[in-house]
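Report on the structure given below.
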């Protein structure tokens with residue numbers, strides 16, 4: 001199931017993440033990065049302030065620069081492979097999807113097509129190296145370890161508008 005796309009206002013959100021360059025498919029990187037990130041959070045006494053997400057920084061298919069992150073209540077000093085940042089405030093186009101992660105490329109395509117039809121532009125820069133986004137997110141609201149039914153997994157796809 002998929003909601004209709006809409007525009008929402010988001011505030012700034014501090015976060016920590018593991019940044020990696022990956023190639024599609026990148027399933028193995030997800031478990032490895034989140035395992036490392038959640039280990040770091042526990043070791044440093046940092047509690048996530050929301051659902052985990054993947055931030056798509058650079059898209060140069062089939063290569064991507066991603067941040068496997070979690071929001072934090074306040075700015076945190078990072079260390080090692082963990083980076084700290086803040087998701088930028090502003091207007092985002094978003095859609096909410098319920099289902100398995102294998103359909104998320106199609107969900108992104110729906111949101112991108114809708115925005116193109118509406119004449120909306122992303123806060124992004126095109127270059128020979130690929131498309132660099134200010135904030136392009138997949139937010140994983142459901143923990144698959146707690147909910148085995150893929151049809152109940154909720155993911156928000158949100159891209160910052162220019």
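A short reminder: the numbers here are calculations on the coordinates, not readings from a lab. Please read all numbers here as calculations on a predicted model, not as lab measurements. Backbone-built Cβ (ideal geometry, glycine too); neighbour counts: all protein chains shown.
For the chain, the longest principal axis of the C-alpha atoms and the axis of helix 104-118 are separated by about 40°.
Go ahead and run the numbers for FRET between residue 44 and residue 105, Cβ-Cβ distance against an R0 of 41 Å, rounding to 0.05. Working shown, then result.
Working: r = 34 Å, r/R0 = 0.82.
Result of the calculation: an efficiency of 0.75.
Each stretch of four or more DSSP H residues adds -39500 (n - 2.57); spread over every residue of the chain, this sum gives -6500 deg cm²/dmol at 222 nm. When the P(r) is computed for the chain, the part past 18 Å accounts for 60% of the Cα-Cα pairs.
Over all alpha-carbon pairs in the stretch 48-140, figure out the percentage whose distance exceeds 14 Å. In whole percent, the long-distance tail amounts to 72. Measuring nothing but how far apart in sequence close Cα pairs (under 8 Å, 6+ apart) lie, relative to its length, the chain scores a relative contact order of 30 percent.
For the pair the stretch 76-102 and the stretch 32-70, the centres of their Cα atoms are 8 angstrom apart. Relative to the longest principal axis of the Cα atoms of the chain, the long axis of helix 27-43 makes an angle of roughly 50 degrees. One way to sum up the overall shape of the stretch 28-81 is the equivalent ellipsoid from its Cα gyration tensor, whose semi-axes run 22, 12, 10 Å, largest first.
Over the stretch 116-155, the pair-distance histogram of Cα-Cα distances with 5 Å bins from zero comes to 6, 17, 15, 14, 11, 12, 15, 8, 1 percent, rounded to whole numbers. A crude spin-label estimate for the pair residue 120 and residue 146, with each label 7 Å from Cα along the Cβ direction, gives 2.9 nm.
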